[in-house]
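Each reported figure results from applying straightforward, stated rules to the coordinates on display, with no laboratory input. Model, not experiment: these values are computed from the prediction. Quick reminder, even Gly has a Cβ in these numbers, built from the backbone with ideal geometry, and neighbours come from all protein chains shown.
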Amino acid sequence: MGRPRTGSVSWHSTGAPSRDHFDIRITLPGGGRGKPVCLPVGTSEADARTLAKDATDLAAAEHARRPGAAPAAPADHGEGAAAWVAAWLDARRARGLTSVPENDGHWRVHLAPVLAAKHPRGWTAADMREVVRTLDAKVRAGDLSWKSAANAWGTCTSMCADAQKSKVEALRCRDDDPSRDVRGPDRGARLAKQFVYPSEFLRLVSCEAVALAWRRLVAVAVYTYCRAGELRMLRWEDVDLEHGAIHVHRAHDRRDGSEKHTKGAAARRVPAEPALLPLLAAMRAEAGGTGRVFPELPSFRTLGKGLRHKLGLAGVERAELHHATATSRAVTFHDLRASGLTWLAVRGDEPLRIMQRAGHTDFATTQGYVRTAEALREGFGEPFPALPATLLGAAREGGFRQKFRQNASKYAKIGGVDGTRTRGLRRDRPAL
C-alpha cells in the first residue's frame, strides 16, 4: 500500500561550518510531516536516516498526528478495513488500473480516519455521510480542492461498489452499496478550458522561429485531436494514407513508460483531415515508414510550458492563453485536442460523429464542445485550413532538443531563466 514511510533528512547550514548539522522530520500516520528536529553536530547522514525512520515507526505505533488533524485510524484488530483495502488495491493493480497510487493516497489520508475501524461489511450510509462532511470541511478550510475531494469520494464509492459486486469473491462482503443514496462532496466552479483559433494556429505553424518538430507536432495534435499519450505511441503502421484513416488504439503509460490501451479502453479510427495528408506523407517518407510518428517528444511535464513558449515566439499573445485566473487556466498541450474538437463542432459536424472521433464515452462531454461552437461560430475563421508548405520541407534541425538550445536566449527573456536551462527542466529530460 504505497511506499514505506521513512521520514526525511535535510542538511541545515547555519553559516558557521562548525555548527552545520542534519535535521530530520518524521512522516505522520495521517499524512503530513512533523516539525524539523536538529541532530547533534557530527551525526552522519546514514545515522540521521536511521533516526528518521525509527522516529517515524514510533509515531505510527503511537498513532501520532499533527495538532488539529483528524484522529488517526484505529489499529485493525481483525475486523478493521486494512486487510480488505490491501486486497482491493491488489485486485485493481492486477487489472492494470493506473489509479492505484491515487486510490491508496485517498484511503490513507481522507478515508481511513473515518472508515478504517470497521470492516467494509459494517460500513453504513451514516459513515458515508461522515466521509462527505470531512471532505467538505477540508475544502472549506482551504486544505483540499473541490476536485480532489470529488476524486477521494470516487475512490470511496468504488470501494463500496466492489464490496457489493466485485468479481473477486474475497472482496464481496455485502448485499448493498452504502454510498448509493449519499450525496457526494460539494462541487466548485470548473476552470474554463482554452482553445486556439485557426488564425492563431496558422501563425504558430507558419513561424519559422519555432522548431519544425514543434510545428509538426502541433499540427498533428490539432488535426487528429489525439491525446499526448496517444501521440507518443502512434506508429506509422497505424496511419493509413491510402484510405485517409488513423487507427488510435494505444497510449503511453507515464508511470513506467510502457504501452497501454487508450482512455476508456476503446480503440477508434480517426479520418485524417485532407489538409493533413501531405504533411503525414512527408513525415512518413523521412522516417522510412517505420517506427513511431514522433520518436522523441518533450516530457509530459514540459509540453504545456513549451506550447506557451512557442505561441509567444509566434506572436500569439492572447492573455487567456498565457495567464491563469480564478476562473480559467492557461493553455495546456491537451487543449490542442480541445481545439480540434471545437473546430469540428464549428464546422458543423454531427455531434455523434464528433463523439466517435474523440473517443468520448459520455455524450455530455461532446455537448460541451457543441455549446462552445454555437457561441463562437460567427467570426471564428475557417476550421482545419491548408497547412503552410514550410511544414513539408525536410527536417534540417535536431528535433526538439537542438532548436530549444538555439532559442535558449529567447526563452530566458520569457521564462526568466539564465538561457542555459529552463525552470523545472533538467538536462537529462528531452529538451523543448
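Rg over Rh for segment 8-61 works out to 1.02, using Cα positions for both radii and the Kirkwood form for Rh.
Under a 5 Å amide H cut-off, with hydrogens placed 1.01 Å from N, ARG235 pairs with VAL293 among residues at least 5 apart or on other chains. So if we plug the beta-carbon distance of HIS249 and SER44 into 1/(1 + (r/R0)^6) with R0 = 35 Å, what FRET efficiency do we get, rounded to 0.05? Given R0 = 35 Å and the Cβ-Cβ separation, E is 0.10. Taking label positions 7 Å along the Cα-Cβ direction at both LYS147 and THR361, the computed distance is 1.9 nm, reported to one decimal. Compared with the alpha-carbon gap, the fully stretched path from VAL168 to ALA266 is longer by 32.9 nm at 0.36 nm per residue.
The local environment of THR327, defined by Cβ-Cβ distances under 11 Å, has a net charge of +1 under the rule Lys, Arg +1 and Asp, Glu -1. With a simple spin-label model that places each label point 7 Å from the Cα along the Cα-to-Cβ direction, the separation between ARG203 and ALA60 comes to 5.5 nm. Three semi-axes describe the equivalent ellipsoid of segment 109-262; taken as square roots of 5 times the Cα gyration tensor eigenvalues and ordered largest first, they are 44, 23, 12 Å.
A simple count of charges around ALA149, restricted to other residues whose Cβ falls under 12 Å of its Cβ and scoring Lys, Arg +1 and Asp, Glu -1, yields +2. For ARG33, the residues whose amide H sits under 5 Å from its own are LEU28, ignoring neighbours fewer than 5 places away on the same chain, with H placed 1.01 Å from N. Counting only the Cα atoms, segment 82-165 fills a convex hull of 84 Å³ per residue.
Binning the C-alpha pair distances of segment 232-382 at 10 Å intervals from 0 yields a P(r) profile of 9, 30, 41, 19, 1 %, listed from the shortest bin outward. Here r is the Cβ-Cβ distance between THR325 and ALA137 and R0 is 22 Å; the resulting FRET efficiency, rounded to 0.05, is 0.25. In order along segment 359-370, phi translates into HN-Hα couplings of x, 6, 9, 10, 5, 4, 5, 5, 4, x, 5, 5 Hz, rounded to whole numbers, per the Karplus curve 6.51 cos²θ - 1.76 cosθ + 1.60 with θ = phi - 60° and x for Gly and Pro.
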